[in-house]
Amino acid sequence: MEKTYYDPADLKKFPKITEWSEELGEKFFDYYGKVFEEGALTAREKSLIALAVSHVVKCPYCIDAYTKDGLQRGITKEEMMEAVHAGAAIESGATLVHGVQMMKKYDKLSM
């Protein structure tokens, strides 16, 4: 198997980020854990949101982690793909709406 820059085995090393900055690493993991607790949203809903965001920010580690987490929470492949499409629609819409800035600048410079 060909090696890639993103080694799936590195996901297991994520907790090691505290080694170089213990205080900040621990604060991050405390925050992260708190975010994913049951609240107004269920852990299942948060997992689906995390999966969609993982695709938008293009994090292969997060995609792996939240695909697995979603499967464990009973999220179907159809729900996963719909969430990915929702994230993609927002990302592409955000890109396109910035076209308004280009249009305004073009009009200003063309006068």
Let me see the P(r) profile for the range 30-76: every Cα-Cα distance counted, bins of 5 Å, each bin given as a percent of all pairs. 5, 25, 29, 27, 13, 1
Restricting the range 1-103 to GluC sites (Glu not before Pro) in coil, as DSSP defines it, with at most 10 other Cβ within 10 Å: GLU2, GLU37, GLU38
Could you tell me the calculated FRET efficiency between GLU26 and ALA88, based on Cβ-Cβ distance and R0 = 35 angstrom, to the nearest 0.05? 0.55
Order of SER47, SER21 from fewest to most other C-beta atoms within 10 Å? SER21, SER47
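Which entries of LYS46/LYS104; LYS16/LYS68; LYS58/LYS108; LYS12/LYS46; LYS16/LYS77 have Cα-Cα distances beyond 26 Å here?
LYS46/LYS104; LYS58/LYS108; LYS16/LYS77, as the Cα separations exceed 26 Å there.
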With θ set to phi - 60°, apply the Karplus curve 6.51 cos²θ - 1.76 cosθ + 1.60 along the range 33-39 and write out the HN-Hα couplings as whole Hz, x wherever there is a Gly or Pro. x, 5, 4, 8, 6, 4, x
Candidates HIS85, HIS98, HIS55; GNM for the chain (alpha-carbon contacts under 10 Å) flags as most fluctuating HIS98
Would you list the P(r) distribution for the chain, with all Cα-Cα distances sorted into 10 Å bins from 0 and each bin expressed as a whole %? 12, 30, 30, 17, 9, 2
Radius, Kirkwood style, for the range 1-64 when every pair of distinct Cα atoms is counted (Å): 13.5 Å
Compute the acute angle (0 to 90°) between the alpha-carbon long axis of helix 60-72 and the principal axis of greatest extent of the alpha-carbon atoms of the chain; round to the nearest 10°. 60 degrees
Which ³J(HN,Hα) values in Hz, rounded to whole numbers, follow from the phi angles of the range 76-81 under the Karplus curve 6.51 cos²θ - 1.76 cosθ + 1.60, where θ = phi - 60° and Gly and Pro get x? 7, 5, 5, 5, 4, 5
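Coordinate-derived values only; no laboratory data. Keep in mind that what you see is a predicted model, and the values were worked out from it rather than measured. Here the Cβ is made from the backbone with ideal geometry for all residues, glycine too, and neighbour counts use every protein chain on show.
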